[in-house]
Amino acid sequence: MFGRSKQPHISQQLFDEMGQPSVGLKPGPISYASLIHSYAECGMFDKAEDLLKQMRDMGINPNAGTYNGLIFAYGMHCRYDDMNRLFNNMKRWVCSPDDRTYSGMIVAYAKAGLFRRMERMCREMDRNGWKPSFATINAIIQAYAKHGLVEQMQASYMCVKDYRVLISRTSIRAMASVYIERCKFYQLRVLVSDVGLKRNNVGNLLWNLLLLSFGANFQMKNLDRSFREMKDACFAPDITTFNIRALSFARMNMLWELHSTVIQMHHAQVLPDLVTFGAIVDAYINLKLRFRSMFEELDVLHMKGFSPSIATDPLVFKAFGKGDFHSSSEMLMKLNPKPYGEDWTYGLLLSFYLKKRGARRIEQNPDNRGVVTKKFIVS
């Protein structure tokens, strides 16, 4: 406890008091292990190693748990050679590593990208009859995904089935990110199907990935079919679900379908975000004669006076990128967080964006009063 709070000196004082004649307690394996871990967690490895030697000199044999704490601390501080040295010493001193020893080293090597060491440790673990845990396999999958090693990532995922281990949400996202970056949308669908769309402890993630695999390839019929199946399976669409559809329809200039998506969002009481707003603007902005329709569509959102926010899953941007309005708005908000001393609103962002695009305002003819308060045309 004191080690984690960066106070190993207090642990040392308590340890020393145990050996006083007035106390009459002799430090044992648990006391030594606690003090060793206390120093190790603070990065004071020389002290920890001295205590380990002192423990052995006194004839107190450290157990696997004592070594594990020090090995894990070396891994946390990226001292992988020391971690490997202590692991080898552990075996030389006739203390057999347990499953936690192997798992801790595998996870540390995986996070560091030391795959040869990690794979060697996996083989040794298997030879000794230990099976990798949930955390271990998921750490391996995430490490391979982070470094873009697709084949190794897929092989590690197969271990999930072999050992009947549940793949984590983080691992699903890591694998999906790799597939999306490489436009491997078929493999993404295979992953989603294999994990199981009925799995509800990851929320809408799997359904959204399925929709994304179709939307990014502009397979609109499959996108609609999967959206209906999602609702039939009693999964309620969220902001990411709707924005996958909105971005797909916007890129295909399917304005009626985009309008229907906005209406569905309203009925589902899902609050639109900057991605939704940007999808509408980008869909209409290049159609120079459709500005009135764009304003009418934006009015349906009822969000011009609200501060911009983004609630969409970032995986969507890996597939679609960010639209011109979205990118421009983020740059504006970064360069000038408080325009005119106030917070940004969607309406203000739109005004700046239209000026950037070379739009100019046209005053209305009094005879057409009430049709639209103002409109823009692109020069």
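Things to note:
- Within the same chain, aspartates and glutamates fewer than 8 places from LYS184 are excluded, and of the rest, those with a Cα less than 15 Å from its Cα are GLU151.
- In this rough spin-label picture, where each label sits 7 Å from Cα along the Cβ direction, the ASN128-ASP99 distance is 1.3 nm.
- Chain lengthening between ALA155 and VAL300 when straightened (0.36 nm per residue, less Cα-Cα): 47.4 nm
- Calculated FRET value between GLN54 and HIS147, using beta carbons and R₀ = 35 Å, to 0.05: 0.30
- Taken as Cα centroids, region 159-214 and region 74-148 sit 26 Å apart, rounded to the nearest whole angstrom.
- Highest to lowest packing among 66-73, 155-162, scored as the average C-beta count within 10 Å: 66-73, 155-162
- For semi-axes √(5λ) of the Cα gyration tensor in Å, calculated from these coordinates, the label among (i) 58, 26, 16; (ii) 37, 27, 17; (iii) 31, 24, 20: (i)
- For region 78-85, putting each phi into the Karplus relation 6.51 cos²θ - 1.76 cosθ + 1.60 with θ = phi - 60° gives couplings of 6, 9, 6, 5, 5, 4, 5, 4 Hz, in residue order, rounded to whole numbers and with x for Gly and Pro.
- Distance between the 7 Å Cα→Cβ label points at THR170 and ARG292: 5.5 nm.
- Partner aspartates and glutamates whose Cα lies under 17 Å from the Cα of LYS338, excluding those fewer than 8 positions away in the same chain, are identified as GLU330.
- Inter-label distance, nm, simple model (7 Å from Cα along the C-beta direction), MET44/VAL190: 5.4 nm
- Gyration tensor verdict on region 181-260 (Cα atoms; rounded if a/c is under 1.5, prolate if a/b is larger than b/c, oblate otherwise): oblate
- Overall shape of region 203-348 was characterised from the C-alpha gyration tensor. The equivalent ellipsoid obtained from it has semi-axes of 25, 17, 15 Å, in decreasing order.
- Taking Lys and Arg as +1 and Asp and Glu as -1, the other residues whose beta-carbon sits under 11 Å from that of MET76 total +1.
- Relative to the current alpha-carbon distance between ASN89 and ASN217, full extension at 0.36 nm per residue lengthens the span by 40.6 nm.
Taken together, the values in this text are just the output of simple stated rules run on the coordinates, not laboratory data. None of these values were measured; they are calculated from a predicted model. Ideal geometry is used to build each Cβ from the backbone, glycine not excepted, and the neighbour counts take in all protein chains shown.
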